[in-house]
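One structure below.
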Amino acid sequence: MTEMFRDKVDVSLTVNGEPVEARVPAGQHMIDFLRLELGLTGAHASCEHGVCGACTIRVDGDAVRGCLMLAAQADGAEVWTIEGLTDTNAISDLQDAFVARNALQCGYCTPGMLVAAEELLSKGDLPSRAEIREHLSGNYCRCTGYEAIIDAVESVAQGRAGKGKA
């Protein structure tokens, strides 16, 4: 066992609206804590270098790579995973738009893509296609070619603006 996993630290955080207290290895990444300790497997552990976006979660409102953040760094934070955003219906319109526009194929990137898209849309602005593309540029999809994803996010942004939602 390496040194970074021998030392443990106490963390207290909120995950998907529920308080969580745990003793975690000092070097454990957030994605591993969520998946292995809490059973939240929606965010995927893929590249483990922060380049693919499959492990995207929200921490205190910001999209972050779960493979780059240590669980100890989330002490005191509010964390949302795809499971929490789905359970609260926060992304139901995005999910519907992804299905309607065939913006998912294998589905591996979809949780991270939805979390990143929701972060952008939560700002309340009406982003351009270029802004959507830029915001999602850190989330890789090998199946769709991105146009359907951009279409889906754009349609939700327009729909939310038309409904007066922020």
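Every number here is computed from the coordinates shown, using simple stated rules; none is lab data. Model, not experiment: these values are computed from the prediction. Every residue, glycine as well, gets a Cβ built from its backbone with ideal geometry; the counts of neighbours run over all protein chains shown.
In summary, the helical segments of the chain meeting the span-like criteria, namely a full DSSP H run, a Cα extent along the axis of 20 angstrom or more and a mean Kyte-Doolittle hydropathy of at least -1.0, are 147-162. Shown for the chain is the translational diffusion coefficient from the Stokes-Einstein equation, using the Kirkwood radius over Cα pairs, a temperature of 10 °C and a viscosity of 1.306 mPa s: 97 µm²/s.
Extending 7 Å from Cα along the Cβ direction at GLU37 and again at GLU78 yields two label points whose distance is 2.1 nm.
Dividing the summed -39500 (n - 2.57) terms of all DSSP H runs of n ≥ 4 by the residue count of the chain sets its mean residue ellipticity at 222 nm at -9000 deg cm²/dmol.
Around the Cα centre of the chain, unit charges on the Cβ atoms of Lys, Arg, Asp and Glu (plus for the first two, minus for the last two) sum to a dipole of about 380 debye. Fewest neighbouring Cβ atoms within 10 Å first, the residues ARG133, ARG23 line up as ARG23, ARG133. Taking the alpha carbon gyration tensor of region 3-85, multiplying each eigenvalue by 5 and rooting it gives semi-axes of 18, 16, 10 Å, largest first.
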